[in-house]
Amino acid sequence: MSDEAGSSARKETVTYEHWCKHPGCKKWGSLGFASGKEDPQWFCAEHQPEWKLNA
Ligand SMILES: [Zn+2]
């Protein structure tokens with residue numbers, strides 16, 4: 001594979017942006033909740049799902 005030009009652009013930064021999953025919420029999802037094998041769902045402190053507090 002010779003894609004030297006795109007090699008640098010392919011690097012993924014550590015700063016993965018994740019925002020609150022709550023519809024309409026534009027806050028930063030500082031709290032991540034993973035349910036089983038699903039990808040983590042991110043919520044702000046205001047919209048964090050209660051169903052995870054007992055886990
Ligand atoms: Zn929120």
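The values are calculated or read from the model by the stated rules, or taken from the named source; none is laboratory data. As the structure is a computational prediction, the values presented were derived from the model and not from experiment. For neighbour counting, all protein chains shown are included, and Cβ atoms are generated from backbone atoms with ideal geometry for every residue, glycine included. Please note that ligands, DNA and RNA were not included when accessible areas were found on the heavy atoms of the full protein model with its side chains. Shrake-Rupley method; radii C 1.70, N 1.55, O 1.52, S 1.80 Å.
Observations on the structure shown:
- A crude spin-label estimate for the pair Ser35 and Trp19, with each label 7 Å from Cα along the Cβ direction, gives 2.2 nm.
- For the pair Trp28 and Ala45 in one chain, pulling the backbone fully straight at 0.36 nm per residue adds 5.2 nm over the alpha carbon distance.
- List Lys26, Lys21, Lys37, ordered by accessible area with a 1.4 Å probe, largest first: Lys37, Lys26, Lys21
- Here's how it looks for His18: its modeled amide H is under 5 Å from those of Gly29, which are all 5 or more places away or on a different chain.
- Per-residue surface analysis assigns Glu46 an accessible area of about 120 Å², computed on protein heavy atoms at 1.4 Å probe radius.
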